[in-house]
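Every number in this text was worked out from the coordinates using simple rules, so none of it is lab data. Since we're looking at a predicted model, the values are computed, not measured. For neighbour counting, all protein chains shown are included, and Cβ atoms are generated from backbone atoms with ideal geometry for every residue, glycine included.
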Amino acid sequence: MAIRTILAPVSGTAIDQRVLETAFKLAKSFDAHLEALFVASEPQDAIPIVGEGMSGLIIEEMIQAAATEIEKRLKNGKASFQAAVKNAGVEETNTPNAETKPTCTWREDSGREDETVARRGRLFDLVVIGRDPKEASASLTFDAALMETGHPILVAPEKAPATIGENVMIAWNGGMEAARAVTSAMPMLRAAKQVTIVSVGDVPYGRACAKALGEQFTWHGVDAKVIESTETGQVANTLISEAEKCGADTIVLGAYSHSRFKEMILGGVTQDMLAKCTLPMWIMH
């Protein structure tokens, strides 16, 4: 399946710039339609639970402050979008064109951001989303994009890369999540100039090894280099090191092969990669 539609949630924060820059690079690469989505929460939902004894005047002031903040973020988000459109030189339209070329549009919605991104994301081929790696846990919106859309997400790094998808590294463990990520990324892999498959340690019994995946890729016209690392230590560190060695500009990764709750509490490869990796990551659960 080709990547023809891309969703990029924006929130009026500093993260928007890198999300939009990354998303527009992908839209131009795939000749895809990009939708920048801003979700305005209801002001009364943006304030803490009202405590007993709180006056009506204070509640009203809090709601007004929340409304002002939402309006400010909307203005910032739209300004970031317009700057990104100008920089990318992509046509704004919401009507499919017979000519295959990148296009974009701005969309405003209301409600809970995570629920709206999940609902809207199910209609798109790819979701580009940002995340602050300094945060111990992902936001509800990030989780919704990854866990509830049924589509891959591209995690925009802190600094937008010069290229995406030209030199791709696949983190392979033979698991179902990794297989889904690889399948979803096939349009990018076919167009890539270089593809490297990396596995770390022993592939669990009953799973296909990295070499077998590389052999299967030949049916798709993808000539991939295979690296089966025997390094000990943290898997994420080894993957990042191998990505640096092969000059990768994008990593394909299956997310949360183990229980997501267990990884959130005890740590795991997905959590480590989200915290440490500085490259765009194409991931799927």
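Just subtract the alpha-carbon distance of LYS225 and THR100 from 0.36 nm times their residue separation and send over the number in nm, one decimal. Can you show the working numbers first?
Working: separation 125, 0.36 × 125 = 45.00 nm, distance 3.17 nm.
Length gained, LYS225 through THR100: 41.8 nm.
Rounded to whole Å and sorted largest first, what semi-axes of the equivalent ellipsoid does the C-alpha gyration tensor of the stretch 5-156 yield via the square root of 5 times each eigenvalue?
Numbers: eigenvalues 192, 55, 36 Å².
For the stretch 5-156, the semi-axes come out at 31, 17, 13 Å.
Starting from the Cα of LEU140, step 7 Å along the direction of its Cβ; do the same at ALA83; then give the gap between the two resulting points in nm.
Output for this residue pair reads 2.8 nm.
Please state the charge dipole magnitude for the chain, taken about the Cα centre, from unit charges on C-beta atoms (+1 on K and R, -1 on D and E), reported in debye and rounded to the nearest 20.
Numbers: 28 positive and 37 negative charges, 160 e Å.
That gives the chain a dipole magnitude of about 760 debye.
First measure r as the distance between the Cβ atoms of GLN194 and GLN64, then evaluate 1/(1 + (r/R0)^6) with R0 = 35 Å and state the FRET efficiency to the nearest 0.05. Display every interim value, and only then the final one.
Numbers: r = 54 Å, r/R0 = 1.56.
Computed FRET efficiency for GLN194 and GLN64 comes out at 0.05.
Classify the stretch 127-188: rounded, prolate or oblate, from the alpha-carbon gyration tensor (a ≥ b ≥ c, eigenvalue square roots; a/c under 1.5 rounded; otherwise prolate if a/b is larger than b/c)? It would help to have the intermediate numbers written out before the result.
Numbers: a/c = 1.77, a/b = 1.18, b/c = 1.51.
Verdict is oblate for the stretch 127-188.
For a quick check, take a GNM of the chain with Cα springs below 10 Å and name the residue from LYS225, LYS86, LYS211 with the largest mean-square fluctuation.
Its mean-square fluctuation being the largest, the pick is LYS86.
What's the extension gain from ASP31 to LEU57 if we count 0.36 nm per residue and subtract their Cα-Cα distance? Let's see the in-between values first.
Working: separation 26, 0.36 × 26 = 9.36 nm, distance 5.20 nm.
Going from the current span to full extension adds 4.2 nm.
Mind giving me the nanometre distance, one decimal, between the label points for TYR205 and THR278, set 7 Å out from Cα along Cα→Cβ?
Spacing of the two 7 Å Cα→Cβ label points: 4.2 nm.
Collect residues whose amide H, placed 1.01 Å from N in the peptide plane, falls under 5 Å from the amide H of THR250; neighbours closer than 5 in sequence don't count.
GLY165, ASN167, MET169
Between exposed GluC sites (Glu not before Pro) in the chain, where DSSP calls loop and at most 10 other Cβ atoms lie within 10 Å, what's the longest gap?
On the way: sites that count: GLU52, GLU99.
With GluC sites (Glu not before Pro) excluded where exposed in loops, the chain gives 100-285 as its longest stretch.
What would the Debye formula give as log10 I(q)/I(0) at q = 0.07, 0.08 Å⁻¹ for the alpha-carbon point model of the chain, no solvent?
So the normalised log intensities are -0.28, -0.36.
Once a ≥ b ≥ c are taken as the square roots of the eigenvalues of the Cα gyration tensor of the stretch 145-285, is the result rounded (a/c under 1.5), prolate (a/b larger than b/c) or oblate (a/b not larger than b/c)? Don't skip to the answer; put the middle values down first.
Working: a/c = 1.29, a/b = 1.12, b/c = 1.15.
Taking the square roots of the gyration eigenvalues as a ≥ b ≥ c, the stretch 145-285 is rounded.
Okay, helix-only estimate at 222 nm for the chain: each DSSP H run of n ≥ 4 adds -39500 (n - 2.57), divide by all residues, round to 500 deg cm²/dmol; what do you get?
Numbers: 10 runs with 116 residues, N = 285.
That comes out to -12500 deg cm²/dmol.
Taking the Cα-to-Cβ direction at GLU42 and at ARG122 and moving 7 Å from each Cα, how far apart do the two end points lie in nm?
Spacing of the two 7 Å Cα→Cβ label points: 2.1 nm.
Where a Cα-Cα gap under 17 Å defines reach, which lysines qualify for LYS28, not counting those fewer than 8 residues away within the same chain?
Filter leaves LYS86, LYS101, LYS193.
How large is the dipole of the stretch 60-138 about the Cα centre if only Lys and Arg carry +1 and Asp and Glu carry -1, each at its Cβ, rounded to the nearest 20 debye? Could you put the intermediate results ahead of the total?
On the way: 13 positive and 15 negative charges, 56 e Å.
The calculated dipole for the stretch 60-138 is roughly 260 debye.
Which net charge results for the neighbourhood of LEU140, defined as the other residues with beta-carbon distances under 11 angstrom from its beta-carbon, given Lys and Arg at +1 and Asp and Glu at -1? List each step's numbers first, then the result.
Working: positive: ARG112; negative: GLU113, ASP114, GLU115, ASP143, GLU148.
Neighbourhood net charge equals -4.
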